[in-house]
Amino acid sequence: MESPHLSELQERYGSGKLAVLAVHIGDAKPAQIQKLVADKKLKQRVLIEGRPVARDYGVAGLPTTFFIDSDGVIREVEVGFNGAEALERQAAALVARKS
């Protein structure tokens with residue numbers, strides 16, 4: 001599951017360097033998602049009604065992670081969960097670009 005690792009990235013880099021946003025596109029009710037976020041103590045923001053966003057970004061597989069720089073340019077896209085190390089590398093590279 002990718003969410004706990006994204007939460008760690010939000011904690012590590014989130015102070016103005018990185019914003020992590022999870023986009024939910026499943027059939028769960030908003031209250032179920034809110035409970036999951038609270039139970040798992042997730043730090044990232046979660047967009048609950050995210051199907052239009054997923055469609056606009058052309059999401060074809062889950063999970064899909066977009067690394068978008070501060071200018072709004074998509075720098076990297078990962079389809080599937082390739083491990084915490086891959087997320088860390090991409091996040092660190094994106095933060096380094098911003099510095």
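FYI, it's all coordinate maths here, none of it is from the lab. Model, not experiment: these values are computed from the prediction. Reconstructed Cβ throughout: ideal geometry from the backbone, glycine too, with neighbour counts over all protein chains shown.
Okay, here's what the table says:
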item: Residue in region 81-91 that is in a loop (DSSP other than H, G, I, E, B) and of a type outside the set (S, T, N, Q) present; result: yes
item: So Ile68, is it among the β-branched types (Val, Ile, Thr) and out of contact with any helix residue (DSSP H, G or I) (no Cβ under 9 Å at 6 or more places or on another chain); result: no
item: Positions within region 4-53 being at positive phi and charged (D, E, K, R), in sequence order; result: Lys41
item: Ala60 being loosely packed, with under 14 Cβ neighbours inside 10 Å, closer than 20 Å to Ser7 by Cα and either touching a Ser or Thr at 6+ places or on another chain (Cβ under 8 Å) or not hydroxyl-bearing (Ser, Thr, Tyr) (or both); result: no
item: Filtered residues of region 43-57 (kept if surrounded by 15 or more Cβ atoms within 10 Å (Cβ to Cβ) and of a type in the set (Lys, Arg)); result: Lys43
item: Region 1-39: number of residues that are surrounded by 12 or more Cβ atoms within 10 Å (Cβ to Cβ), within 25 Å of Ala86 (Cα to Cα) and more than 15 Å from the chain's Cα centre (by Cα); result: 1
item: Any hit, region 77-87, residues being within 15 Å of the chain's Cα centre (by Cα), surrounded by 13 or more Cβ atoms within 10 Å (Cβ to Cβ) and among the acidic types (Asp, Glu); result: yes
